[in-house]
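Below you'll find the structure, written out as structure tokens, and then a few comments.
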Amino acid sequence: MINKKVKSVQEALQGIEDGMTLMLGGFGLCGIPENSIAELVQKETKNLTCISNNAGVDDFGLGLLLQKKQIKKMISSYVGENAEFERQMLSGELEVELIPQGTLAERCRAAQAGIPAFYTPAGYGTEVAIGKETREFNGKMHVMELAFSADFAIVKAWKGDTAGNLIFKGTARNFNPAMAGAAKITIAEVEELVEAGTLDPNQIHIPGIMVQRIFQGEKYEKRIEKRTVRKRE
């Protein structure tokens, strides 16, 4: 069995260069590849196109790359809680492609499955459909969307083994499973890395064939994007 374990985040991110297109798993700050993002900041990789549900917050997640002006274009479903993302978008400093969330997920999944394009009713009759092919199915108009084409997909999992098999925990599954295998190279960072054969095959969410590199991350903060608490009685 192929051993896909690499020793460090630095080794995992080898080959990522300026101007590349990256997929990054997570939803807000939930299930984001914290170690990989921090390393991209350190590497000062720039002019990146990032495909992600959003850009985290100002001082964490992809917000760190935005602060350093390392992202040229964001392909996302919403701006979220990131004021810097909003500022750069409104000022024209950052190119932004906003996509309906289901379409974003399906464009990832289509790339993963090797499907070049698909039709969806989401966005028909809006700016989303401008310049795109449309077609009627069963009396309803649909927009043709292309699968994403990315150089690297970087995902975060709870557990993984040296063969690249992944298990996600709770809502941290979000966009991570759809992005695994959806780019030329998939990098997985995990909280716990075990030997192949250790994980229960019935619990594996993503098979190792979709992962090229895997490493064990460290010092996860797992910040809460927006904390809501009830008043004391």
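The values are calculated or read from the model by the stated rules, or taken from the named source; none is laboratory data. Treat the numbers as computed from the prediction; the structure is a model and nothing was measured. Methodologically, a virtual Cβ is constructed for each residue, glycine included, from the backbone with ideal geometry; neighbour enumeration extends over all protein chains shown. SASA here: full protein model, heavy atoms, side chains in, ligands and nucleic acids out. Shrake-Rupley method; radii C 1.70, N 1.55, O 1.52, S 1.80 Å.
At-a-glance table
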item	result
Inter-label distance, nm, simple model (7 Å from Cα along the C-beta direction), residue 18/residue 220	3.4 nm
Computed [θ] at 222 nm, deg cm²/dmol, the chain (DSSP H ≥ 4; -39,500 (n - 2.57); rounded to nearest 500)	-5000 deg cm²/dmol
Charge dipole of the chain about the Cα centre (unit charges at C-beta), most positive-ward option of 210, 176, 198	198
Among 156, 68, 46, residue whose mean-square fluctuation peaks in a GNM of the chain (springs only between Cα atoms under 10 Å)	68
Unit charges at the beta carbon, dipole of the stretch 81-163: most positive-side option, 138, 115, 153	138
Contact order normalised by residue count of the chain, Cα under 8 Å, 6+ apart, percent	23 percent
Lysines whose Cα lies under 18 Å from that of residue 156, excluding same-chain neighbours fewer than 8 positions away	4, 5, 7, 169, 184, 219, 222
Paired Rg and Dmax values of the chain, which use every Cα atom, in angstrom	18.1, 58
About the Cα centre, charge dipole magnitude for the chain (Lys/Arg +1, Asp/Glu -1 at Cβ), debye	360 debye
Percent accessible area from carbon and sulfur atoms, the chain, protein chains only, probe 1.4 Å	48 percent
Accessible surface, the chain, averaged per residue in Å² (probe 1.4 Å)	52 Å²
Sorted peptide list for 128-139, 15-26, 176-187, criterion being average Cβ within 10 angstrom, highest first	176-187, 15-26, 128-139
Test item: Cα-centred dipole of the stretch 99-148, Lys/Arg +1 and Asp/Glu -1 on Cβ, debye	100 debye
